[in-house]
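Just below is one structure, and these are the notes that go with it.
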Amino acid sequence: MNSTLPNKSTATEASTEKQMFVMKCGGSTLAALPESFFADLRDLQSQGTQPVIVHGGGPAISDNLAKLGIETEFVNGLRKTTEPVLDVVEMVLAGSINKQIVRLIQRVGGRALGLSGVDGGLIQAKPVTNHAEIGWVGDVTGVNAEIIQGIVNMGYMPVIAPVGVDATGQRYNINADTAAGAVASHLGVSRMIVVTDVPGIMKNVGGEKKVLPSVSVQEIEDMIQTGEIYGGMIPKVRAAIACIHGQVREVVIVDGSEPQILSRVLGGEIIGTRIIRMQ
């Protein structure tokens, strides 16, 4: 399958695309957000700014695996995905979490449509290089952006679960940060927002941790080497780096509990950490 870029042949489609942004959020983070966060999404949608949401769900996957007595382990931060684990991954991501997010948006009057990367070959994938060690974990090879554009044109915000598929129908567990970066790149949007439970990338300045308002790719690499960026923040910044090309100019990491955080970021307020492309 080849990736398909959105059709820009009409003024309406071009206008819609310019008003689009990609938002990534973990499933557990989204579930803990106040109703006002989803009202902000609704307001942005009604004002003509189109959110495209890519979500994760690691803790819920772990909980369900434990309930079913299925062992799981992590290799370099990625879940080893056997066939039984993959069944649970798809059930949780494309089922319960995806529909929970859709319900939360619709409850405040927003319009959302949930789907996974399997639907319509939306997220095309191949095995990661160390698949013998890690199982059915995938790298994104393409995104069928026409599907996303079509959903947006119908007046819905897409809510995407990061399960990929290849030409044979094999499913893959895709890291949500990686999937969101690929979606942003293939859509050609200018901005991607990563919603977390932290205020941004922190750095020790004079013995005090402070949020960096902006950071370059090289500065990120240096902070990973020194250990100032660690744990779950590493795949977030790696995915941000990967999607800063083409028309994607910046990725913003923000705390979703901040009031009207999305509107404020899109309105130009300096909040969170912007990872920027150096010219």
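The values are calculated or read from the model by the stated rules, or taken from the named source; none is laboratory data. Note that the structure is predicted; figures quoted are calculated from it, not measured. Cβ coordinates were reconstructed from backbone atoms using ideal geometry, including for glycine residues, and neighbour counts include every protein chain displayed. Side chains included, ligands, DNA and RNA excluded: accessible areas come from the protein's heavy atoms. Shrake-Rupley method; radii C 1.70, N 1.55, O 1.52, S 1.80 Å.
Values as computed for the structure displayed
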item: Amide hydrogen neighbours beyond the local backbone of Val194, cut-off 5 Å, H modeled; result: Lys24, Val252, Ile253, Val254
item: Neighbour net charge for Ala132 - beta-carbon separation under 15 angstrom, K R +1, D E -1; result: -2
item: Environment charge at Gly142 (Cβ cut-off 13 Å; Lys +1, Arg +1, Asp -1, Glu -1); result: -2
item: Relative contact order of segment 169-279, defined on C-alpha pairs under 8 angstrom at six or more residues apart (%); result: 39 percent
item: Segment 199-278: C-alpha pair distances exceeding 21 Å, %; result: 26 percent
item: Sulfur and carbon atoms: percent of accessible area, segment 39-116 [1.4 Å]; result: 51 percent
item: Per-residue ³J(HN,Hα) for segment 208-219, Karplus 6.51 cos²θ - 1.76 cosθ + 1.60, θ = phi - 60°, Hz, x for Gly and Pro; result: 10, 7, 10, 6, 7, x, 8, 8, 8, 4, 5, 5
item: Amide H contacts under 5 Å for Asn175, placed H, 5+ residues apart; result: Gly138
item: Hz values of 3J(HN,Hα) by residue in segment 134-143 - Karplus curve (6.51, -1.76, 1.60), Gly and Pro given as x; result: 10, x, 7, 9, x, 9, 6, 9, x, 10
item: Gained length - Val205 relative to Thr129, 0.36 nm times residue gap less alpha-carbon distance; result: 23.5 nm
item: Accessible surface of segment 171-230 [probe 1.4 Å, protein heavy atoms]: carbon and sulfur percent; result: 49 percent
item: Bridge type composition, the chain - antiparallel percent by DSSP, nearest 5; result: 40 percent
item: Among 211-217, 127-133, 48-54, the order from most to least packed when residues are scored by Cβ within 10 Å on average; result: 48-54, 211-217, 127-133
item: Solvent-accessible area per residue, Å², over the chain with all protein chains present [probe radius 1.4 Å]; result: 44 Å²
item: Three-way shape call for the chain based on the alpha-carbon gyration tensor, with the a/c threshold at 1.5; result: rounded
item: Near-label residues of segment 235-279 by backbone N, under 15 Å of a point 7 Å along Cα→Cβ of Val217; result: 237-251, 275-279
item: Theoretical gain in end-to-end length, Lys80 to Gln106 [0.36 nm per residue, Cα-Cα removed]; result: 6.0 nm
item: Relative contact order (%) - segment 81-210, alpha-carbon pairs under 8 angstrom, separation at least six; result: 25 percent
item: Cα-only Debye scattering, segment 103-241: base-10 log of I(q)/I(0) at q = 0.15, 0.17, 0.19 Å⁻¹; result: -0.88, -1.03, -1.15
item: Normalised contact order of the chain, rounded percent, pairs of Cα under 8 Å and 6 or more residues apart; result: 22 percent
item: Lysine pair number, Cα distance threshold 17 Å (strictly under), the chain, separation 8 or more or different chains; result: 5
item: Residue-wise HN-Hα coupling along segment 76-92, computed from phi with Karplus coefficients 6.51, -1.76, 1.60 (Hz; x: Gly, Pro); result: 6, x, 10, 6, 5, 10, 7, 4, x, 5, 4, 4, 6, 4, 5, 4, 6
item: Thr141-Ile234 pseudo-label distance in nm [points 7 Å out on the Cα-to-Cβ vector]; result: 2.7 nm
item: Burial ranking of peptide ranges 256-268, 218-230 (average Cβ count within 10 Å, highest at the top); result: 256-268, 218-230
item: Coordinate range along principal axes, alpha carbons of segment 78-130, Å, largest first; result: 44, 20, 16
item: Alpha-carbon centroid distance for the pair segment 184-206 / segment 81-119, whole angstrom; result: 23 Å
item: Rg over Rh, two decimals, segment 9-158 (C-alpha only, Kirkwood Rh); result: 1.01
item: Sorted peptide list for 32-42, 116-126, criterion being average Cβ within 10 angstrom, highest first; result: 116-126, 32-42
